[in-house]
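Report on the following structure.
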Amino acid sequence: MRLLLPFSSPLSTTSPPSLPEHPPPSKIDCSGLTKIFKKSVIGTLTGALTLTLVLSSPIPSVAASIDPYLSMTPPSLSPDSSPEDCPNEEEADTEVLEDDVRPQLVTNEGIVEEAWEIVNDAFLDARSNRWSSETWQKRKEEILSSPIKSRSKAHEVIKKMLGSLGDQYTRFLSPDEFSRMSKYDITGIGINLREVSDGGGNAKLKVLGIVLDGPADIAGVKQGDEILAVNGVDVSGKSSFEVSSLLQGPSKTFVVLKVKHGKCGPLRTIKVQRQVNAQTPVSYRLEKVDNGKISVGYIRLKEFNALATKDLVIAMKRLQDKGASYFVMDLRDNLGGLVQAGIETAKLFLDEGDTVIYTAGRDTETQKTVVADKKPLITAPLIVMVNNRTASASEIVASALHDNCKAILVGERTYGKGLIQSVFELRDGSGVVVTIGKYVTPNHIDINGGGIEPDFRNLPAWDEVKERLSKCNTLQQS
């Protein structure tokens, strides 16, 4: 199994040390799953328009200004290697991921059948609802009724087979496309992480992929290493998403990893210099309205990438310090990004226990609920700006805040992209992207296709915003 992470549209990856405090490109217009697969899955994603991987981060608890690991010189290290190396370390390193698909000879028909099985096990027909296992079985029999004489022909057969599903997001990835995706660096140090079961109900974090000659590779991190701590923080119980965020930081600064090589050691402490190039998706400014009586914090969020949640927290705190008592979050033209970044962003505004989103797969009886687990960062009245290019992760945020009476929506009906895709690796190094589920809002509205209708077309007065939110909360409580 090969896992990257969930995502949704074209984004960038990691972090500059400061946020731009300036107006966005356009002014506000005031006038007008159910199943866990044993196959090779790269990750759950919700792409709006294109297939690009991007990750985001949970809220950091330590500001950059007081983080000793954000210095430009390496922090001092205390040796904590185990007293004796594992005698079978080299052998253990080959046993990296116990359920990996090992390289092996596979026939052209075998590759086609593997792709067929993934669809048979996982595909959700969210549009036509015409898919059935019976017709899919007949499709397989037709395809395999004659020999497939070349690998390129097998790939063409898979493309046509997936195309017959009528789902624009379910598609084939060539070995080159899959390879580029699996090497995608979400951390700034050239590694991808994956959660691996330890067989006892807990998960270990292992290095799924490593960029050759990247920072981690040069520093001595190996494929299959288990990550134990980041900058002295024990990562037991943390998700790959959370640990990836801990690894992020400004370019040229250092991060310290405690890792275990192979299956039984040794333990090593390794310092790695970050190399990151992504830009913040957040810009913000403070505006005075009502003859200067009201201070409004305006925040534009262009995409949900690796920095979205972290930099949004910084922006909101700075605006609060400057006296902002109302907020506008502009999600217009935000096509999405990493779904988890959208979920973490929504949680910033929700009460503990509030529903962020529901996920549903082929089996409607096994719907899952994502809920907020902390108190909200702010409780001030909030407007969320949306338009017909507000999609995917952006729609998750907009619907979560709206349905929980934390914000009103202003603008146009959103795009309507609420499907979940996963990327599966085939045994010849190619892959398939398959729609496996969909998102449903806290008010049980299916986002996909219809989008979300705003409360207002144009910006209302803030008194009207407060009144609308108050009525919403009263109805919700009753």
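Of note:
- When segment 296-315 is filtered for residues that are of a type in the set (A, V, I, L, M) and touching a strand residue (DSSP E or B) at 6+ places or on another chain (Cβ under 7 Å), the ones remaining, listed by number, are Val296, Ile299, Leu301, Ala308, Leu312, Ala315.
- For segment 284-304, filtered to residues that are closer than 22 Å to Ser392 by Cβ and either open to solvent by 40 Å² or more (accessible area, probe 1.4 Å) or not charged (D, E, K, R) (or both), the residue that is nearest to the chain's Cα centre (by Cα) is Phe304.
- A search for C-beta distances below 9 Å between a residue of segment 353-374 that is outside the structural domain of Ser394 (by the TED database) and any residue that is modelled with pLDDT of 95 or more and part of a strand (DSSP E or B), counting only pairs 6+ apart in sequence or on different chains, returns nothing.
- In segment 124-143, the residue that is farthest from the chain's Cα centre (by Cα) out of those that are of a type in the set (A, V, I, L, M, F, W, C), closer than 28 Å to Asn448 by Cβ and surrounded by fewer than 21 Cβ atoms within 10 Å (Cβ to Cβ) is Trp136.
- Unique residue being open to solvent by less than 90 Å² (accessible area, probe 1.4 Å), more than 28 Å from Ala341 (Cβ to Cβ) and either among the aliphatic types (A, V, I, L, M) or modelled with pLDDT under 50 (or both) when the list is Asp99, Asp67, Asp93: Asp93
- In summary, Ala400 fulfils each of the numbered conditions (1) touching a Lys or Arg at 6+ places or on another chain (Cβ under 9 Å); (2) not assigned by the TED database to the domain that holds Leu312 with the single exception of condition (2).
- All helices (runs of 4 or more DSSP H) inside segment 144-232 with 3 or more residues being loosely packed, with under 14 Cβ neighbours inside 10 Å: 151-163
- Listed conditions (1) assigned by the TED database to the domain that holds Glu453; (2) over 21 Å from Leu469 (Cα atoms); (3) surrounded by 20 or more Cβ atoms within 10 Å (Cβ to Cβ); (4) of a type outside the set (Gly, Ala, Ser) are all met by Lys322, apart from (3).
Let's see how each residue does on (1) out of contact with any Cys (no Cβ under 9 Å at 6 or more places or on another chain); (2) buried (at least 22 other Cβ atoms within 10 Å of the Cβ); (3) within 30 Å of Glu117 (Cβ to Cβ):
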{"site": "Phe349", "(1), (2), (3)": "yes, yes, no"}
{"site": "Asp373", "(1), (2), (3)": "yes, no, no"}
{"site": "Leu377", "(1), (2), (3)": "yes, no, no"}
{"site": "Ile383", "(1), (2), (3)": "yes, yes, no"}
{"site": "Cys405", "(1), (2), (3)": "no, no, no"}
{"site": "Gly431", "(1), (2), (3)": "yes, yes, yes"}
{"site": "Ile436", "(1), (2), (3)": "yes, yes, yes"}
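The values are calculated or read from the model by the stated rules, or taken from the named source; none is laboratory data. Small disclaimer: the values here were computed from a predicted structure and weren't measured. Here Cβ is always computed from backbone atoms with ideal geometry, including for glycine, and neighbour counts include all displayed protein chains. Surface areas here come from the heavy atoms of the whole protein model, side chains and all, with no ligands, DNA or RNA. Shrake-Rupley method; radii C 1.70, N 1.55, O 1.52, S 1.80 Å.
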